Amino acid sequence: MTVEIQAIGIDIGSTSTKLVGTNSAGEMIWQILEKTEPRIEEQVRRLLDQAWEMNDRLKDIPVIATGYGRKLAHQATRAITEITCHARGVYQELKHGGTLVDIGGQDSKVIRISPQGKVFDFVMNDKCAAGTGRFLENTANRLNVSLDDMGAIGMETSVEATISSTCTVFAESEIISLLANGVILPEILRGLHRSLIKRIVAMVHSVGFEAPLMLSGGVVQNPLIASMLGDELDTEVVLPRHPQLMGALGAALMALETS
Ligand code: ADP
């Protein structure tokens, strides 16, 4: 397997760091995903050492970094923005254009991709926790619900509590008040997801929606996110096999092209 790796992509996100290795056909054949550590430079060095220990030959293959910490990966041949890399990774997996929504731990982006895989237009939110994984994580911690279960619990009901704020801090106050008034957890979680989705849908409309809707980022592994986005935009939703690895895959593919 390691002999087949021809390029490596590193996506250093604010929440998680991903490494992907591709073969000469651009297929993902190796991956690592772990929480981003405060000392990013040391973490990248350790992860690349891990790859190089598998096979010394890997030291000679191209590496491209992306994500918010991309400039701290000094071993990388180049650093490329996550907009370009996500679009590249998703296009490789799905082979068509449309509108890509990427929801990460602390940012979200909407990218219009042409039928040929080029970035047409995009909008990004990295200033506010609303519309990002952080929005759900805060509540998960507060309510002692696992992040993996949040969407499934929200899907247990079709009744939705109204959470009018898209702001994390105000939404938390609303949740505390709903709980005090005896509203059940599934209804609260459904309302919370709706609040996040409204924020994302506003971003989608700001770049102009073009079907199909494609999703990437760690947060879209939550099934209620895909289901609500599809309903709100009245469209089919397409997910790649590894939504959280699309930025790293795109970076690896761009590294492959330079080799
Ligand atoms: P970034 O690149 O910004 O670090 P990612 O795309 O890696 O973000 O996504 C990280 C976020 O994904 C985490 O903050 C977490 O909220 C969310 N996440 C990860 N796994 C799951 C899961 N199984 N279900 C729901 N959310 C998840």
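Descriptive notes on the structure:
- Here the chain is treated with +1 on each Lys and Arg Cβ and -1 on each Asp and Glu Cβ, and its dipole about the Cα centre works out to around 560 debye.
- Rg(Cα)/(2.2 N^0.38 Å) for the stretch 74-212, N = residue count: 1.20
- Backbone N under 13 Å from the I184 label point (7 Å along Cα→Cβ), restricted to the stretch 151-169: 153-161
- Across all directions, the average projected area of the convex hull around the alpha carbons of the chain is 13.5 nm².
- In sequence order, calculated HN-Hα J values of the stretch 5-14 (Karplus, 6.51, -1.76, 1.60; Hz; x Gly/Pro): 5, 10, 7, 10, x, 10, 10, 9, x, 5
- Here's how it looks for S216: its modeled amide H is under 5 Å from those of V101, D102, I103, which are all 5 or more places away or on a different chain.
- One equal scatterer on each Cα of the stretch 1-78, no solvent, Debye formula: the resulting log10 I(q)/I(0) at q = 0.22, 0.27 Å⁻¹ is -0.96, -1.39.
- Stretching E4 away from K198 to a fully extended chain increases their span by 65.5 nm, per 0.36 nm per residue minus the current alpha-carbon distance.
- Pairwise centroid distance, computed over Cα atoms, of the stretch 39-114 with the stretch 150-203, Å: 32 Å
- Extension gain for I176 to M54 (0.36 nm times residue separation, less C-alpha to C-alpha distance): 38.9 nm.
- The alpha-carbon positions of the stretch 153-233 define a convex hull whose volume is 96 Å³ per residue.
- Under the span-like rule (Cα at least 30 Å along the axis, Kyte-Doolittle mean at least -1.0), DSSP H helices of the chain: 185-207
- For F120, the amide hydrogen comes within under 5 Å of the amide hydrogens of R112, I113, S114, counting only partners 5 or more places away or on other chains and with H modelled in the peptide plane.
- Distance in nm between pseudo-label sites at Q31 and D121 (7 Å out along the Cβ direction from Cα): 3.1 nm
- Reach of K95 by Cα under 24 Å, taken over lysines that are not fewer than 8 positions away in the same chain: K18, K109, K118
- Computed P(r) (all Cα pairs; the stretch 145-200; 10 Å bins; percent): 26, 59, 15
- Computed [θ] at 222 nm, helices only, for the chain once each DSSP H run of length n ≥ 4 contributes -39500 (n - 2.57): -13000 deg cm²/dmol
- Largest first, the three principal axis extents of the alpha carbons in the stretch 189-255 are 40, 27, 18 Å in whole numbers.
- Computed lengthening from T258 to A211, 0.36 nm per intervening residue step minus Cα-Cα distance: 13.8 nm
- Gaussian network model of the chain, springs between alpha carbon atoms under 10 Å - residue of I12, I197, I61 with greatest fluctuation: I61
- In a reduced charge model with +1 at each Lys and Arg Cβ and -1 at each Asp and Glu Cβ, the stretch 92-203 shows a dipole moment near 420 debye about its Cα centre.
- Taking the Cα centre of the stretch 194-248 as reference, the dipole from Cβ charges on Lys and Arg (+1) and Asp and Glu (-1) amounts to some 260 debye.
- Of the residues S16, I175, I83, the one whose Cα sits farthest towards the positive end of the charge dipole of the chain is I83 (charges of +1 on Lys and Arg Cβ, -1 on Asp and Glu Cβ, taken about the Cα centre).
- Amide H to amide H distances under 5 Å link A130 with T168, where only residues 5 or more positions off or on other chains count and H is placed in the peptide plane.
- Placing unit charges on the Cβ atoms of the charged side chains and taking the dipole of the chain about its Cα centre, the candidate lying farthest along the positive direction among H242, I184, A129 is A129.
- Beta bridges per DSSP with both ends in the chain, % antiparallel, nearest 5: 70 percent
Values in this text are rule-based calculations from the coordinates and carry no lab data. Because the structure is predicted, anything quoted here is derived from the model rather than measured. Neighbour counts run over all protein chains shown; Cβ positions are idealised from the backbone, glycine included.
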